[in-house]
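Data first, discussion second: the structure below is written as structure tokens.
The values are calculated or read from the model by the stated rules, or taken from the named source; none is laboratory data. Please read all numbers here as calculations on a predicted model, not as lab measurements. When we count neighbours, we look across all protein chains shown, and the Cβ atoms used for this are built from the backbone with ideal geometry, even at glycine.
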Amino acid sequence: MRWTLFKEIIQMAFDSIKSHKLRSFLTLLGILIGVMTVIGMVSIIQGLNRSFMAELESVGSDIIIVSKREPGIQIGREPEEIRQRKDLTLADAAAIEEECSLVKAVAVDLVADVFESIPVKYQDKKSQNSVVIGMNEKFPQVLSVYLPREGRFITASDVLHRTKVCILGAELKEILFPHSPALGKEIRIGPEKFRVVGVLEKRGEMFGQSRDNIVGLPITTLMKYFPYDLSNLEIIIAPKKHGYIPETMDQVITVLRKRRKVPFDKPNDFAIYTQQTILDLYNQLTGAAYLVMIAISSIGLLVGGIGVMNIMLVAVKERTREIGIRKAIGARAGDILRQFLIEAVFLTGTGGAIGVLLGFLIAFLVRVTTPLPASVTLWSVLLGLGVSISVGLFFGIFPAQKAARTDPIVSLRYE
């Protein structure tokens, strides 16, 4: 009996929506936009999160980074205290490796400091957007993503003698040598010639930026032939033992404070952090995006909820006589209440379902047409549907109560 009544209520709700198509669509629109926004933005952020986590895992979780400035501080906009810090040097990196017993290897990198990109050429082939990076020989030991696919990596001898050799990223190799081997060939980086001794494994893109359009030089060679800014020098440290990051950081801090003559009562005049610090900073940025998403979708859901309440109040008024007849033949106030609540939930649930489908479509289009790795998650779908149904319950309760409390005698007299 109850199931039959429930089916009748669902059919009546569907007929009500069908008989007022435009009004129902406009009512659904706010819910639809809110849910679509949630699904679309969550899919983009989740895709970025997975991509970022995969990048951190590929680089390695047990690394320590030392630089002049903390992560997230834009170059050129540092506070005065950071700007006044002494630059890190290659001697600092050598001291860390020599004096810290818990350190396995120390890599150093320095990007060429230029206002315009340095052209990289081979015969008639040219790349204008390649990043020129100075490296030492320890990079593959510290960062496993810098393994050579062909040839070799930079050696200690290359660094010591400022050899004019280079290694190419996978994309740059394809640009300069699309149909021929690169090893042993001489390319021109700016005005200087360098011999290719290795090609790196392909790493792919991150946030739409290629990580394979790079050319690596011995760091001392870069410092000899290209302009550079030591404030951009990074020291990347791999501990000897897994899980000994705090102890290793303490050793590194002790060595650097001693070398840089930092008084015991003063803070470090350098930044030292781990992958977790970068992850926390990234989560702060995506957390802000989530807040924006919640604000935008909340406005849509609020507008949709007000629309639902409005249409349900109109429906109660239009069907006053129907309510009186139903009560006269035995319908209880609870039955009338459930009928209008189910209609409200059916209305918002339909909007939520359409919003979920459109959110899937947005995620698909973003993934296909942009480099952003959008990914729809189950919890975002359940959240969208749950919120849309909750809106129906919240904004439908007042009209439903009004209908349930209607006096059947007054209802029957209503014209």
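Does VAL215 qualify as being among the β-branched types (Val, Ile, Thr), at pLDDT below 90 and closer than 27 Å to ALA238 by Cα? Explain how you work it out, then say what you get.
Values: among the β-branched types (Val, Ile, Thr): yes; at pLDDT below 90: no; closer than 27 Å to ALA238 by Cα: yes.
Criteria not met by VAL215.
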* Structure fact -> Among helices (runs of 4 or more DSSP H) completely within segment 121-196, the ones holding 1 or more residues that are at pLDDT 90 or above, in contact with a Phe, Trp or Tyr (Cβ under 7 Å, 6 or more places away or on another chain) and assigned by TED's automatic domain parsing to the domain that holds TYR228 are 170-176
* Output the qualifying pairs, or none if there are none: Cβ atoms under 6 angstrom, residues six or more apart or on different chains, first residue in segment 262-274 and touching a residue at least 60 places away in the same chain (Cβ under 8 Å), second residue surrounded by 10 or more Cβ atoms within 10 Å (Cβ to Cβ) and of a type in the set (Gly, Ala, Ser). => ALA271/SER67
* Asked: In segment 260-281, what residues are surrounded by fewer than 16 Cβ atoms within 10 Å (Cβ to Cβ) and either in a loop (DSSP other than H, G, I, E, B) or charged (D, E, K, R) (or both)?
  -> ARG260, LYS261, PRO263, PHE264, ASP265, LYS266, PRO267, ASN268, ASP280
* For segment 147-163, state whether one or more residues are among the hydroxyl-bearing types (Ser, Thr, Tyr), out of contact with any Asp or Glu (no Cβ under 7 Å at 6 or more places or on another chain) and under 23 Å from ILE64 (Cβ atoms). => no
* Asked: Got a sec? Which of ALA238, ALA288 is small (Gly, Ala, Ser), modelled with pLDDT of 85 or more and at negative phi?
  -> ALA238
* Asked: With GLY190, GLY184, GLY198 as the choices, which residue is out of contact with any Ser or Thr (no Cβ under 8 Å at 6 or more places or on another chain) and under 18 Å from LEU110 (Cβ atoms)?
  -> GLY190
* Of the conditions (1) in contact (Cβ under 8 Å) with a residue 24 or more places away in the chain; (2) closer than 20 Å to ASP109 by Cα, ALA156 clears all except one; give me its number. => (1)
* To do: Answer with yes or no whether VAL215 is part of a strand (DSSP E or B), in contact with a Pro (Cβ under 8 Å, 6 or more places away or on another chain) and either among the β-branched types (Val, Ile, Thr) or outside the structural domain of PRO148 (by TED's automatic domain parsing) (or both).
  => no
* Members of segment 228-259 that are outside any loop (DSSP other than H, G, I, E, B), of a type in the set (Asp, Glu) and in contact (Cβ under 8 Å) with a residue 40 or more places away in the chain -> GLU234, GLU247
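How many residues are aliphatic (A, V, I, L, M) and farther than 19 Å from GLN141 by Cβ when one looks only at segment 234-270? Before the answer, list the steps.
Initially, segment 234-270 is screened for residues aliphatic (A, V, I, L, M), giving 235-238, 245, 249, 252-253, 255-256, 262.
Checking the rest, the ones that are also farther than 19 Å from GLN141 by Cβ come to 253, 255-256, 262.
Residues in segment 234-270 being aliphatic (A, V, I, L, M) and farther than 19 Å from GLN141 by Cβ: 4 in total.
For segment 91-102, how many residues are surrounded by fewer than 20 Cβ atoms within 10 Å (Cβ to Cβ) and in contact with a strand residue (DSSP E or B) (Cβ under 6 Å, 6 or more places away or on another chain)?
Restricting attention to segment 91-102, the residues satisfying the condition of being surrounded by fewer than 20 Cβ atoms within 10 Å (Cβ to Cβ) are 91, 94-95, 97-99, 101-102.
From what is left, the residues that are in contact with a strand residue (DSSP E or B) (Cβ under 6 Å, 6 or more places away or on another chain) are 97, 102.
Of the residues in segment 91-102, 2 are surrounded by fewer than 20 Cβ atoms within 10 Å (Cβ to Cβ) and in contact with a strand residue (DSSP E or B) (Cβ under 6 Å, 6 or more places away or on another chain).
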* Restricting the search to segment 225-259, which residues are surrounded by fewer than 19 Cβ atoms within 10 Å (Cβ to Cβ) and among the aliphatic types (A, V, I, L, M)? -> LEU230, ILE253, VAL255
